[in-house]
Structures are given as C-alpha cells and as structure tokens.
Amino acid sequence: VWVGTSNGLSHYQPDFDQSRALPPPVVIVDAKLGDKAADIAVPARVRYEDRTFSVRFAALTFVDEHHTRFRYRLQGAEPEWVETQLGEVRFPNLSEGSYSFEVIAQSNLGPWSPEPAAFSFVIAPPWWRTLPARAVALLVVLVLGILTLRWRTRKLLEAKSELESIVAKRTNELRKEK
C-alpha cells in the first residue's frame with residue numbers, strides 16, 4: 001500500500017500471515033458434454049457419442065490470483081487429485097458410466113477450500129449395448145436357429161422319403177425279376 005504523508009510517499013507492505021488466510025471458494029463456471037453446454041445444477045445424462053467432458057472453474061478471490069492453485073479429480077475415471085494452475089480441464093473419450101467432477105482451490109499457499117465444487121453426469125452406453133438391444137439380438141439368433149433347424153430337418157425328411165421311394169421301387173423291380 002502506498003500512502004502519501006507530510007514527509008513524502010511511504011510504502012507499507014504487511015507480512016503474509018498464512019494462519020489468517022481464508023481458503024478461496026471455488027465455482028464451476030461452465031461444463032460441456034460433447035459439444036453441448038451442461039446445466040451445472042442438474043446431474044446430466046448424455047449419449048455415448050458425446051463422451052468428451054470439458055469444464056472451466058474459478059476461485060473467487062482477488063488476493064494474488066496469479067498464484068491460485070487448483071486440485072481436481074474425476075471420480076469414475078481418476079480417483080487421485082491432480083494439481084494445476086489452469087482454470088479448465090478436458091477429458092476426451094470417456095467410457096460409459098457415472099462420473100463426478102470435483103475441484104478445490106488454494107490461494108498463495110493458504111489452506112485448501114474445505115468444500116469442493118462438484119458436477120455429476122452419466123454417460124449412457126451405446127444403443128447396441130443396452131439390455132433391450134441385447135434381448136432383441138438374442139431373440140433374433142434363437143429364431144434364426146429354430147428356422148435353420150426346421151429347414152434342415154425338412155430337407156433331411158425329403159431326402160429320406162426320396163431314398164425310401166427309390167429303395168421301394170428297386171425292391172419291387174427285383175421282386176418282379178424273380
């Protein structure tokens with residue numbers, strides 16, 4: 001702080017007391033699933049094609065904001081905290097499942113935020129891996145198997161009848177020759 005006095009300009013620079021530093025609250029500014037913005041207040045459910053998750057976050061502080069650090073984690077993908085000074089993260093090609101993104105902040109080596117800002121979402125499986133699709137596929141395979149079995153049985157019975165008629169015809173011819 002610069003102060004004008006009767007003796008000229010004075011500069012006051014207090015020592016930083018880490019015990020009095022308050023942790024900065026952190027907020028999620030915006031989140032995107034695929035190329036669509038997600039509502040931060042509501043847990044999202046997205047299609048399998050929209051598997052990229054990107055999020056921007058900020059610490060609500062003006063105290064030495066250039067030294068603000070963040071820790072984030074994406075429960076369901078990586079359980080460990082990752083530290084960064086950037087205010088954004090991107091996770092491409094997530095697999096299907098439930099996820100919860102959490103972020104905390106620290107300003108100038110003070111304490112970390114006690115409560116993380118969080119956002120939850122679910123990536124739905126592709127349509128061909130859902131229970132109804134698997135049930136339909138199983139039904140189609142069973143029907144095709146039954147139809148193939150019936151067709152094969154009919155062909156074998158036709159061949160059997162044809163052979164029986166040929167044998168009966170030949171037997172009659174042999175009887176007539178005697």
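If I go through the stretch 52-67 residue by residue, how many of them are under 17 Å from D30 (Cα atoms) and either of a type in the set (A, V, I, L, M, F, W, C) or touching a helix residue (DSSP H, G or I) at 6+ places or on another chain (Cβ under 9 Å) (or both)? Matching residues across the stretch 52-67 total 6.
P25 falls short on exactly one of the conditions (1) over 23 Å from V122 (Cα atoms); (2) at pLDDT below 85; (3) surrounded by 15 or more Cβ atoms within 10 Å (Cβ to Cβ), and that condition is (2). Screening V140 against (1) open to solvent by less than 80 Å² (accessible area, probe 1.4 Å); (2) at negative phi; (3) touching a Ser or Thr at 6+ places or on another chain (Cβ under 9 Å) leaves a single unmet condition, (3). Looking across the stretch 61-106, the residues that are closer than 30 Å to W127 by Cα and among the polar types (S, T, N, Q) come down to Q75, N93, S95, S98, S100.
Does E88 fit the bill of being acidic (D, E) and either surrounded by 15 or more Cβ atoms within 10 Å (Cβ to Cβ) or in contact with a Leu (Cβ under 8 Å, 6 or more places away or on another chain) (or both)? For E88, the condition - acidic (D, E) and either surrounded by 15 or more Cβ atoms within 10 Å (Cβ to Cβ) or in contact with a Leu (Cβ under 8 Å, 6 or more places away or on another chain) (or both) - is not met.
Of everything in the stretch 30-57 that is open to solvent by 70 Å² or more (accessible area, probe 1.4 Å) and under 23 Å from Q85 (Cβ atoms), the residue that is modelled with the lowest pLDDT is K32.
F70 passes every criterion in (1) more than 16 Å from A31 (Cα to Cα); (2) open to solvent by 60 Å² or more (accessible area, probe 1.4 Å); (3) in a strand (DSSP E or B) apart from (2).
Suppose we filter A117, A77, A124 for residues that are within 21 Å of L33 (Cα to Cα), touching a Leu at 6+ places or on another chain (Cβ under 9 Å) and surrounded by 14 or more Cβ atoms within 10 Å (Cβ to Cβ); which single one remains? Going through A117, A77, A124 in turn, the sole match is A77. Is there any pair with a first residue in the stretch 101-122 that is closer than 11 Å to P25 by Cβ and a second that is β-branched (V, I, T) and part of a loop (DSSP other than H, G, I, E, B) whose Cβ atoms are under 6 Å apart and which are 6 or more apart or on different chains, and what are they? Listed by first residue and then by second, the contacts come to S107/T61; S107/V63.
The values are calculated or read from the model by the stated rules, or taken from the named source; none is laboratory data. All values reported here derive from a predicted model rather than from experimental measurement. Ideal geometry is used to build each Cβ from the backbone, glycine not excepted, and the neighbour counts take in all protein chains shown. Ligands, DNA and RNA are excluded from the accessible area calculation, which covers all protein heavy atoms including side chains. Shrake-Rupley method; radii C 1.70, N 1.55, O 1.52, S 1.80 Å.
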